[in-house]
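Okay, structure first, notes after.
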Amino acid sequence: MKLSRREFLKGAAASTALAAIGLPGVAAAAEAETKWVKGVCRYCGTGCGVLVGVQNGKAVSIKGDPNNHNQGLLCLKGAMLIPVIYTPDRILEPMIRRNGKGSELEKVSWDEALDFAAKRFRDTISEFGPNAVAYYGSGQALTEESYLANKIWKAGFKTNNVDGNPRLCMASAVGGYTTTFGKDEPMGTYYDIDNATCFFIIGSNTSEAHPVLFRRIARRKQFNPDVKIIVVDPRRTNTSRIADLHLHFKPGTDLALLNGMAHVIIKDELDDYRFHGRHCVFKDNDGSERTFEDYKAFLAEYTPERVQEITGISAENVVKVARLFAESPNTLSLWCMGINQRSYGVWANNLIHNLHLLTGHIGRLGASPLSLTGQPNACGGVRDTGSLSHLLPAGRVIANEKHRNEMEDFWGVPRGTIQPTIGHHAVALFGAMATGDVKAVFIHCTNPAHTLPNLNKYTPGLQKAFIVQTECFHDAETTKYADVLLPAAFWCETDGVYGCTERRYSLTEQAVQPSGNSRPVVNIMMDFAKRAGVDPKLIPFENAADIWDEWRTLSNGSPYNFYGMTRERLKKESGIRWPCPTEDHPGTVLRFVRGEDPLVPADHPEKVFFYGNPNGKANILFRPYMPPFEPADADYPFVLTTGRVIDHWHTATMTGQVPELRKAYPGAFVEVNPEDAARMDIRNGDQVVLETRRDKMTFPAKVTDTCMPGLVFCPFFDKKKLVNRLFHDAVDNISKEPEYKICATKVYKQV
Ligand SMILES: Nc1nc2c(c(=O)[nH]1)N[C@H]1C(S)=C(S)[C@@H](COP(=O)(O)OP(=O)(O)OC[C@H]3O[C@@H](n4cnc5c(=O)[nH]c(N)nc54)[C@H](O)[C@@H]3O)O[C@H]1N2
Ligand SMILES: Nc1nc2c(c(=O)[nH]1)N[C@H]1C(S)=C(S)[C@@H](COP(=O)(O)OP(=O)(O)OC[C@H]3O[C@@H](n4cnc5c(=O)[nH]c(N)nc54)[C@H](O)[C@@H]3O)O[C@H]1N2
Ligand code: SF4
Ligand SMILES: [Mo]
C-alpha cells in the first residue's frame, strides 16, 4: 500500500494531473519497468481513456490514454484513482446479516452468502410471484453486467422490475431523443466541440462535471475568439465564467426561454425552412400532426416580453440569444441535469431539439443537440441494453409484443415469458418496497440510501425489503440496509465495456487481481441466478467477454448496431463509436447522415435521414411552459437546488478515500447570495438552517455570488448531511425522473 501510494504520487499520475490543467505531461521515471494496461476512467460520462501502470501485480500509476478522445488528459479525480483501489475501506469478504436488519454483518463464505441470498429470492418468488423481486442497477455498472441482469430478471425470473440510477439522471434525455427522433442516443460526438461556432450550454456545469470536455470547449474558444459561448444557468458557475453571455435566470423556467427563442427565430425568419420542411413533422402535445402555421400560433404567446416576465431574462437578451443560436454557422447545444432533473425534463429536452430542427443546426460537424451523459456507462450499459423497467435491448420496448417476441426468440425462451406490463421505475420501486409489494431486491453499483429523493419516505423500503448488495466500500450508506453484502471487484480488477456520451464504447482490461475475496460481478450474478432457480441454459457464459459476444450479436441489424466491435478490436483500439456493423467499419461520427452512418442507405434520396421514426422524419413538438412542481412561495421563499462539486463523485465513497480530494471539499455547505446573506446577517461559516416541507438541516454558509438572490445550493456528496431528506419526490410524468433541481425552502441563521 505504502509503495503504491508513493509511486503513484511521484509517478505518471502527477504528470497527467498537470497535463489536465494544461501543462505538458512529463514522462514518468518509473515508466520503464511498468506494464501499462488500457481502460476507461471510473468516473464521469466524458469517458476518458486511461492507462493503468502495473508493477509486481499492483496498480501503481495512471495516465491518460493518448489514443482515446481525451488525448492523454485526465482531471484530478481520474488522476487520483489508484489509491481508491487499495483503500482499507474495501469490502473484501462476503457478509450476511443472519438475524435480520439491525444485527451485525458477519463474514461468511461465498457459498453461504450466495445460498442465503438465492434461497430468499426463490422463496419470495414461489410465495408472492416474480414481481415481488427486483434489480436496481447503475449507469456505472459494466455493460456486460447490465445486459446480464436484464436477461436474468426479465427472461429468467420473469419480472420487469429492472431499473436503476439512470432513471435519476438520463431518463429525461432518453425521453427527449425518443419522442423527437424515435430512438435514443445523440447524433453528435466530441468532434462537434472542435467545430462549433456557438455553444449553447444549458443546465450543465461542464467545468466541474465534465472537466476534460470543458477544457476542450475552452480551447476551442481560446484559439477561435469569435466562437460564442452562451450559458443558461441560475448559478454563476465556473462554466459561466468563460461565457460571452450568461443568462442568470429564475430556476425552472427554461421551457419559456426555449419557446421564446423559437418565437424570435421564426419572427426574424432565421429558421431553415428547407430543412424543417423536408425533415420534420410538427406535432401537438397529444401527438397529432400540425402545420408550421399551427406552430407559429402555438409560439405566439412566447414574446420576449412575456418570457422576461416568466424567467427574469431581459427581453433584449431573449432576442440576443435566439439570434446567436440561429445565425452562428454551427451551433452545439450541451445540457445535463439542470434540464433532465425537472418535472418537465422530457419537454425541456424536446424544446432544445426543436431549436436545432428549426434552424437546421443538426447533422453537420459542430451543429448538434448533444446531451451530456453523467455516468460513465449510462449510455452503453443501461440505455442501449434496455436495462430499465419499460425497455428491452437495442431500442425495444416492453409494451410492444413484437419486441418482446424478438427478445424471447433470441434468448431462447418460450413466447410469453417476458411480461407485457412494465415494471416499477426507480422511485416507485422504493415505494413498493416500503408497502411490502416488492420484498427482495438485488442492488448493484449504486447507493440509493444516499441518493434517492425524499429519503425519509424511501429509506423505510430499504429497511423492510431483503437487500442483496454488491459494493466495494464499507463507507456506502446503503450497506447499513444490506442483508447480504457481496464484495465486488473494483474497476481495473475486472474487465468490461463502458459507453460514454458520444456513442463511444471503450474496454477496460483487467490490470490486477481482485482485492481480497472480491469477485467480478458477472460471475457473482451468474452464480446467484443459477442458485435462485434461473435455467442455466439462459446463462451460457463463462465471463464478460462471452456476454459481450452475445450482446454484440444481438445488436446486429438493430439501430444500435455495433456487431463490428469484437473484444479483440476493443483491446487494440481506444474506443469506437457505433453504428459499427462490421469488423472493418471505422465507427460513425455523424449519425443519421448519408455517407457517414452505415445505417443510412448509400442511395437514400436525402442527406439526412432520421430513421428512428418510421416516416424518416423528426418531430417538432409543441410543449408549453409549465412551472416546477414546488416553486418558492410566501411560506418557503427560497429555491433550493443541489448538484456536484468538481472533486467528489456523487456519494464520495470513492473520492472520499483520497485525502487530496477530501481536503478540497471536506463537507457539505450552502451557497448563499451576498444580498440575501446581508439581509439575514449571515457570514461565511455561519450555521444556516434549510427547512423544507419534508425536513430541516443545518449547513455552514458559503457566501458567494454563484447563486442568484433567492436561490441556495447544496452539494449532495456528504453522507453526514443527507440533503435528499429535504427534497420532494415529484417526477417527470413521461421519464419518471425526479426533480432534484428545485424545491422550496426557508433559509435562516441558526441561533
Ligand atoms: N465532479 C463530478 N462530476 C460528475 C459527477 C459527480 O458526482 N462529480 N456526476 C456525474 C453525473 S452522474 C451527472 S448526472 C453529471 C451532472 O452534471 P451537471 O448537470 O452539469 O451537474 P449538476 O451540478 O447536477 O447541475 C448542473 C447545473 O444545473 C443548474 N440548474 C439548476 N436548476 C436549473 C434550471 O432550472 N435550469 C437550468 N438551465 N439549470 C439549472 C445548476 O445550477 C448546476 O450548475 O455529472 C457527472 N460528472
Ligand atoms: N440531491 C441530488 N440527488 C441526486 C442527484 C442530484 O443532482 N441531486 N443526482 C442523481 C444522479 S444524476 C445520479 S446518477 C445518482 C447517483 O447516485 P448513486 O449511484 O446512488 O451514487 P454513487 O455514489 O455513484 O453510487 C455508486 C455506488 O457504487 C459503489 N461502487 C463503486 N464501484 C463499484 C463497482 O465496481 N462495483 C460495485 N458493485 N459497486 C461499486 C460505490 O461505492 C457507491 O456506493 O444520484 C442522484 N441523486
Ligand atoms: S473528465 Fe470525467 S472521465 Fe475524464 S478523467 Fe475526469 S472524471 Fe474521469
Ligand atoms: Mo447522473
>> To make sure I understand, if each residue's beta carbon is the centre and we count other beta carbons within 10 Å, what order do TRP548, TRP578 fall in, fewest to most?
In response: TRP548, TRP578
>> What is the distance in Å between the Cα centroid of the stretch 153-219 and that of the stretch 446-468?
In response: 26
> List the lysines whose alpha-carbon lies under 18 Å from that of LYS154, not counting same-chain residues fewer than 8 positions away?
Replying inline: LYS402, LYS439, LYS530, LYS537
> In the stretch 68-120, which GluC sites (Glu not before Pro) are in a loop and have at most 12 other Cβ atoms within 10 Å, using DSSP for the loop call?
Replying inline: GLU104
> If you find the alpha carbon centre of the stretch 530-544 and of the stretch 686-751, how far apart are they in angstrom?
Replying inline: 44
>> Assuming 0.36 nm per residue, please report the length gained on full extension of the stretch THR698 to ALA664 beyond their Cα-Cα distance.
In response: 10.2 nm
>> How far apart, in nanometres, would the label points at ASP584 and GLU301 be if each is projected 7 angstrom from Cα along the Cα-to-Cβ direction?
In response: 5.9
>> Using alpha carbons only, how many angstrom separate the centre of the stretch 556-572 from the centre of the stretch 80-98?
In response: 33
>> At a threshold of 8 angstrom on Cα-Cα distance, excluding pairs fewer than six apart, so keeping six or more, what relative contact order does the stretch 468-576 reach in percent?
In response: 22
> Hey, fewest Cβ within 10 Å first, where do SER333, SER109 land in order?
Replying inline: SER109, SER333
> What ³J(HN,Hα) values, in whole Hz, does the Karplus curve 6.51 cos²θ - 1.76 cosθ + 1.60 give for the stretch 416-424 when θ = phi - 60°, with x put for Gly and Pro?
Replying inline: x, 5, 6, 5, x, 9, 6, x, 6
>> Straight-line reach only, C-alpha to C-alpha below 14 angstrom: list the aspartates and glutamates that LYS720 could link to, leaving out same-chain residues fewer than 8 apart.
In response: ASP475, GLU477
> How many Å³ per residue does the convex hull of the Cα positions in the chain occupy?
Replying inline: 151
> So what are the ³J(HN,Hα) numbers for the stretch 616-626, from phi and the Karplus equation (6.51, -1.76, 1.60; θ = phi - 60°), rounded to whole Hz, Gly and Pro as x?
Replying inline: x, 10, 9, 9, 9, 9, 8, 10, x, 5, 10
> Considering only the other residues whose Cβ falls under 9 Å of the Cβ of PRO393, what net charge follows from Lys and Arg at +1 and Asp and Glu at -1?
Replying inline: +1
> When DSSP beta bridges are limited to those with both residues in the stretch 171-371, what percentage is antiparallel, rounded to the nearest 5?
Replying inline: 15
>> What does the extension gain come out to for ASN456 and THR435, with contour length at 0.36 nm per residue minus their alpha carbon separation?
In response: 6.1 nm
> Amide H of GLU106: which non-local residues (sequence gap of 5 or more, or other chain) have their own amide H closer than 5 Å, using H built in the peptide plane?
Replying inline: ILE96, ARG97, ARG98
>> Among HIS444, LEU332, THR178, which residue has its Cα furthest toward the positive end of the charge dipole of the chain, with +1 on Lys/Arg Cβ and -1 on Asp/Glu Cβ?
In response: HIS444
> Ranked highest first by average number of other Cβ atoms within 10 Å, how do 586-598, 431-443 line up?
Replying inline: 431-443, 586-598
> Reachable lysines from LYS58, Cα under 27 Å, same-chain residues fewer than 8 places away excluded?
Replying inline: LYS2, LYS10, LYS35, LYS38, LYS77, LYS107, LYS571, LYS572, LYS663
> When a footprinting reagent is the concern and you count Cβ atoms within 10 Å, what order do TYR295, TYR344, TYR190 take, fewest first?
Replying inline: TYR190, TYR295, TYR344
> Among the DSSP beta bridges whose two residues both lie in the chain, what percent are antiparallel, rounded to the nearest 5?
Replying inline: 50
> Where nothing but the Cβ of Lys and Arg (+1) and of Asp and Glu (-1) is charged, how large is the charge dipole of the chain around its Cα centre, in debye to the nearest 20?
Replying inline: 1140
>> As I understand it, the dipole of the chain uses +1 on the Cβ of Lys and Arg and -1 on the Cβ of Asp and Glu, about the Cα centre. Which of THR582, PRO709, ALA243 lies farthest toward its positive end?
In response: PRO709
> What are the principal axis extents of the Cα atoms in the stretch 171-371, in Å, biggest first?
Replying inline: 43, 34, 32
> How high is the relative contact order of the chain, in percent, counting Cα pairs under 8 Å that sit 6 or more residues apart?
Replying inline: 18
> Hey, if you put +1 on the Cβ of every Lys and Arg and -1 on every Asp and Glu Cβ in the stretch 217-356, which of ALA300, GLY312, ILE230 ends up farthest toward the positive end of that dipole?
Replying inline: ILE230
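The numbers here are math on the coordinates, done by the rules we state, and not lab data. Bear in mind the structure is a predicted one, so any value in this text is a computation, not a measurement. Ideal geometry is used to build each Cβ from the backbone, glycine not excepted, and the neighbour counts take in all protein chains shown.
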